[in-house]
Amino acid sequence: MDMVSALASRQAVVMFTNSTCCMCHSIRALFYELGASPAIHELDLNVNGREMERALRGLGCKTSVPAVFIGGKFAGSSKDVLSLHLDGSLKQMLIDAGAIWL
């Protein structure tokens, strides 16, 4: 858990993904489209990936990836991020975290 928390707090937007996950790719593309450049940690390619995946599930991730942190706080999985985007609050969260500027 400490490793996930440390990585999540290092940059404005941090994503934990799997390299072959289509939803991970879609959420990553959404952030790039909004002008954010998230730090990506691909669990299937990381030596500590399984440990990090267990920690993410401990945070309440029903599916461990994608797990998105904005401003060091857990924003959710793909469904949560898409909901934030559709209601207009994702962009403001990115601005508040310093991930994008107007």
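The values are calculated or read from the model by the stated rules, or taken from the named source; none is laboratory data. For clarity, every value in this text was computed on a predicted model and none was experimentally measured. Glycine also receives a Cβ, built like all others from the backbone with ideal geometry; neighbour counts cover every protein chain displayed. Note: accessible area is taken over every heavy atom of the protein model, side chains too, but ligands, DNA and RNA are not part of it. Shrake-Rupley method; radii C 1.70, N 1.55, O 1.52, S 1.80 Å.
Once phi is turned into θ = phi - 60°, what whole-Hz ³J(HN,Hα) does the Karplus curve with 6.51, -1.76 and 1.60 give for every residue of segment 89-102, x standing for Gly and Pro?
8, 4, 4, 5, 4, 5, 5, 4, 7, x, 7, 9, 10, 8
What's the carbon and sulfur percent of the chain's accessible surface, probe 1.4 angstrom, rounded to a whole number?
The nonpolar share, carbon plus sulfur, comes to 52 percent.
Using Cα positions and a limit of under 21 Å, work out the lysines in reach of K62, with same-chain residues fewer than 8 apart set aside.
The reachable lysines, counting only those whose Cα sits under 21 Å from K62, are K73, K79.
State to the nearest 20 debye the size of the charge dipole of the chain about its Cα centre, where the only charges are +1 on K and R beta carbons and -1 on D and E beta carbons.
Working: 9 positive and 9 negative charges, 25 e Å.
So the magnitude is around 120 debye.
Keeping all protein chains in place, calculate the accessible area per residue for the chain (probe 1.4 angstrom), answer in Å².
Values: 5780 Å² over 102 residues.
Dividing the accessible area of the chain by its residue count gives 57 Å².
Can you bin segment 3-97 into rounded, prolate or oblate? Criterion: square roots of the alpha carbon gyration tensor eigenvalues sorted a ≥ b ≥ c, rounded for a/c under 1.5, prolate for a/b above b/c, oblate for the rest. Numbers along the way, then the final one.
On the way: a/c = 1.62, a/b = 1.47, b/c = 1.11.
Prolate.
So in the chain, which Cys have no other cysteine's beta-carbon sitting under 4.7 angstrom from theirs?
For the chain, the answer is C22, C61, because their Cβ atoms have no other cysteine Cβ under 4.7 Å.
Along Cα→Cβ, 7 Å out, is where each label goes; now give me the distance between the ones at T63 and S37 in nm to one decimal.
Label-label distance for T63 and S37, simple model: 2.8 nm.
Where Lys and Arg each count +1 and Asp and Glu each count -1, what net charge lies around I27 among other residues with Cβ under 11 Å from its Cβ? Write out the running numbers ahead of the final one.
Values: positive: R28, K79; negative: E33, D80.
Here the count lands on 0.
Please report the antiparallel percentage of the DSSP beta bridges confined to the chain, to the nearest 5. Provide the component values of the computation, followed by the final result.
Numbers: 7 of 11 bridges.
Within the chain, antiparallel bridges account for around 65 percent of the total.
Please find the FRET efficiency linking I95 to A6, where r is the Cβ-Cβ separation and R0 is fixed at 30 Å, and quote it to the nearest 0.05.
Values: r = 24 Å, r/R0 = 0.81.
With R0 = 30 Å, the Cβ-Cβ based efficiency is 0.80.
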